[in-house]
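The values are calculated or read from the model by the stated rules, or taken from the named source; none is laboratory data. All values reported here derive from a predicted model rather than from experimental measurement. Positions of Cβ are backbone-derived with ideal geometry, glycine not excepted, and every protein chain shown enters the neighbour counts. Only protein heavy atoms, including side chains, enter the accessible area calculation; ligands, DNA and RNA are left aside. Shrake-Rupley method; radii C 1.70, N 1.55, O 1.52, S 1.80 Å.
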Amino acid sequence: MLDPSADEIRDWGNSVIQLMTDYFGDLRDRPVYGHMSSRDIRDQLDAALPTKPIDFDGLLKVFRETIIPFSRQNAHPRMFGYVQSPGTPIAAFADLLASTLNANLTVWRSAPAPVELERLAIDWIRQILGFNAEAGGLFVSGGSMANFAALAAARQSKDYSSGRLRVYASSETHFSIAKAAALLGIGRENVRHVAVDERFRIRVDDLIAKITADLEAGCVPFCVVANAGTVNTGAVDPLTEVRKVADRFKLWMHVDGSYGALAILAKSAHELFVGIERADSIALDPHKWLYLPVDVGCVIYRDPEIARAAFAHEAEYTRIIGEEADEAFAFWDYGPELSRRFRALKVWMLLKGVGLDSLAGAIESNLACARYLESMVQASDDFEMVAPVELSIFCCRHVPAQLRNESPQVIDAFNERLLIALQRDGSSYLSNATLGGRFALRGCVLNYRTTLGDMEILLDDLRRVARSLMSSA
């Protein structure tokens with residue numbers, strides 16, 4: 001099994017391809033999720049430490065009969081929970097090929113062609129975002145690591161020896177910003193949460209007020225984080241206005257676009273992202289709105305040399321000898337990782353094999369689905385929107401006639417029970433959000449398979465499951 005013959009590899013490959021074909025072929029007929037327990041799954045697995053091998057067909061049998069049915073089906077067209085990409089077959093093959101080569105993208109000499117491919121793919125993303133030609137970056141594990149890297153670079157840009165550093169972000173900003181501040185020694189308590197407006201976008205007046213108060217208190221403001229698609233509602237902060245504040249107070253402007261930034265490809269959303277190209281750094285996730293399988297996040301720096309000052313570290317065992325400038329390039333100088341897998345291959349294969357026009361069309365379709373759901377809710381007498389739709393995230397509540405005169409707390413509790421019941425039902429899957437102190441059913445359309453008809457099915461599923469809940473109460 002360690003070194004199979006050519007015939008064995010071919011047979012294994014054919015079996016895997018057949019499994020993939022079968023899986024994608026009946027995906028719509030599968031439940032998105034099922035009610036299961038940890039014990040249920042453990043009972044299906046042989047827990048004995050393996051000393052003797054089983055054949056490849058036996059391994060695939062476990063995958064087919066246990067792993068697949070006891071997993072959430074993230075590629076299902078009605079998987080609306082969280083910000084979950086469906087993955088793509090072309091990228092699955094890319095991951096197989098990347099693992100076959102097993103390149104380690106530390107430095108150019110370790111993986112010459114893969115490093116060049118990553119530099120090319122990063123430059124394509126730079127162009128999509130409209131960044132200056134000197135900008136650069138790298139692929140990381142995801143948005144959390146991208147935010148961490150950007151915050152480290154931002155700290156490098158400021159002399160922080162004279163006082164307490166402050167980061168500014170709206171109350172809707174992803175928790176990875178506070179986590180990065182904690183890990184970098186800045187401290188969670190020094191992430192100042194700025195109020196949001198009625199559309200859940202950062203309030204520039206409150207941002208200015210908090211920066212001014214901190215300066216008067218002797219703190220050192222150094223970074224403001226703007227959102228290009230918040231995780232709760234998909235809100236896009238006023239990027240041009242935030243840039244003006246950053247310039248006024250000489251702050252690093254970071255944009256967390258992990259979810260939403262790549263929606264810049266859709267014509268109907270393009271105006272929301274005006275000003276993103278003036279950020280000092282941006283985090284984004286190709287494994288979200290480029291539909292790629294995890295893990296591939298990305299951080300782009302306007303001035304990569306600032307990031308290099310933050311991350312470069314010399315050791316004799318990493319010293320590069322006898323190389324020209326281009327060939328002396330080291331990714332470890334621009335981010336926290338040393339060992340790095342060949343993530344760029346699936347980005348390159350998707351962009352090259354699918355093309356931006358098709359990707360833009362798929363993103364546009366996702367936006368249209370969320371807007372359609374919003375229009376159906378607004379036209380109904382038993383649902384209500386909790387937040388406006390900005391990109392492809394929607395937040396609503398079910399308020400059937402029997403609950404219209406009940407308290408907000410009773411309606412919240414009912415919707416929470418409805419969410420759990422819907423997830424266990426398996427036809428559609430939503431997640432949750434709390435907005436303005438109210439519980440909301442939250443969904444995110446991030447799948448090229450999803451249609452307007454799926455949005456209709458979702459509302460039908462909610463009504464059906466709700467009726468069952470109320471009849472059993």
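Pull up the DSSP beta bridges for the chain and report the antiparallel fraction as a percent, rounded to 5.
Values: 25 of 44 bridges.
The antiparallel fraction comes to roughly 55 percent.
Just how large is the dipole of region 67-173 about the Cα centre, in debye to the nearest 20, putting +1 at every Lys and Arg Cβ and -1 at every Asp and Glu Cβ?
Dipole of region 67-173, to the nearest 20 debye: 340 debye.
Short version: what are the Cα gyration tensor semi-axes of region 1-112, square root of 5 times each eigenvalue, largest first, in whole Å?
Working: eigenvalues 147, 99, 51 Å².
Calculated on Cα positions only, the semi-axes equal 27, 22, 16 Å.
Near Lys250, within a Cβ-to-Cβ distance under 15 Å, what is the net charge of the other residues, with Lys and Arg +1 and Asp and Glu -1?
Overall, the nearby charge balance is +3.
Taking the full set of protein chains and a 1.4 angstrom probe, give the accessible area of Arg42 in square angstrom, rounded to the nearest 10.
Using a 1.4 Å probe on the heavy atoms, I get roughly 120 Å².
Relative contact order of region 93-167, please, whole-number percent, based on alpha carbon pairs below 8 angstrom and at least 6 residues apart.
With pairs under 8 Å counted, the relative contact order is 14 percent.
When the chain is fully extended, how far beyond the present Cα-Cα distance does Ala182 get from Ile208, taking 0.36 nm per residue of separation?
Numbers: separation 26, 0.36 × 26 = 9.36 nm, distance 2.36 nm.
Length gained between Ala182 and Ile208: 7.0 nm.
Report the FRET efficiency, 1/(1 + (r/R0)^6), for Ser380 and Leu452, where r is their Cβ-Cβ distance and R0 is 22 Å, rounded to 0.05.
Working: r = 16 Å, r/R0 = 0.71.
In this case the efficiency is close to 0.90.
Is any residue of region 266-281 close enough, with backbone N under 16 Å, to a label point placed 7 angstrom from the Cα of Arg199 along the Cα-Cβ axis, and if so, which?
268-276
State, to one decimal in nm, how far the label point of Asn104 lies from the label point of Thr66, with both points 7 Å from Cα in the Cβ direction.
3.2 nm
Treating cross-link reach as a plain straight distance, find the lysines whose alpha-carbon is under 30 Å from the alpha-carbon of Lys267, omitting any fewer than eight places away in the same chain.
Lys244, Lys288, Lys346, Lys352
Report, by chain and number, residues whose modeled amide H sits under 5 Å from the one on Arg340, excluding near sequence neighbours (fewer than 5 apart, same chain).
Leu105, Thr106
With an 8 Å Cα cut-off and a minimum separation of 6 or more residues, compute the relative contact order for the chain in percent.
Details: 832 pairs, mean separation 99.6, N = 473.
Relative contact order for the chain comes out at 21 percent.
Full-extension gain between Asp357 and Leu45, please, as 0.36 nm times their residue separation minus the C-alpha to C-alpha distance. Before the final figure, lay out each step's value.
On the way: separation 312, 0.36 × 312 = 112.32 nm, distance 4.42 nm.
Full extension from Asp357 to Leu45 adds 107.9 nm.
If each DSSP helix of 4+ residues adds -39,500 (n - 2.57) and the sum is divided by the residues in the chain, what number results at 222 nm, nearest 500 deg cm²/dmol?
Mean residue ellipticity, 222 nm, calculated: -13000 deg cm²/dmol.
In nm, to one decimal, how far is the modelled label at Ala312 from the one at Ala133, with both set 7 Å along Cα→Cβ?
That separation, rounded to one decimal, is 2.3 nm.
Mind listing the long-range amide H neighbours of Leu435? Cut-off is under 5 Å, sequence gap 5 or more, other chains count too, H placed in the peptide plane at 1.01 Å from N.
Hits under the 5 Å cutoff: Ala440.
To the nearest 10 square angstrom, what accessible area does His174 show with a 1.4 Å probe?
60 Å²
Tell me, what is the percent relative contact order of region 304-445, built from C-alpha pairs under 8 Å that lie six or more residues apart?
About 16 percent, as a whole number.
Report Tyr33's accessible area, 1.4 Å probe, all protein chains in place, as a number in Å² to the nearest 10.
70 Å²
Starting from the exponent 0.38 and prefactor 2.2 Å, build the expected Rg for region 259-406 from its residue count and divide its actual Cα Rg by it.
Scaled against compact globular proteins, the figure is 1.49.
What list of ³J(HN,Hα) couplings, whole Hz, do you get for region 351-361 from phi and the Karplus terms 6.51, -1.76, 1.60, once you set θ to phi - 60° and write x for glycine and proline?
Taking θ as phi minus 60°, the curve returns 4, 6, x, 10, x, 5, 4, 5, 5, 4, x Hz for region 351-361.
When we measure straight from the Cα of Lys250, which lysines land under 30 angstrom away, once same-chain ones fewer than 8 places off are left out?
Lys158, Lys179, Lys210
Stokes-Einstein diffusion coefficient for the chain at 25 °C in a medium of 0.890 mPa s, Rh from the Kirkwood formula over Cα pairs: what value in µm²/s? Numbers along the way, then the final one.
Working: Rh = 24.2 Å.
The Stokes-Einstein estimate is 101 µm²/s.
Among Ile411, Leu359, Leu458, which residue has its Cα furthest toward the positive end of the charge dipole of the chain, with +1 on Lys/Arg Cβ and -1 on Asp/Glu Cβ?
So the residue furthest toward the plus end is Ile411.
Per the Kirkwood definition applied to all pairs of different Cα atoms, how many angstroms is the hydrodynamic radius of region 183-246?
By the Kirkwood definition, the hydrodynamic radius is 12.7 Å.
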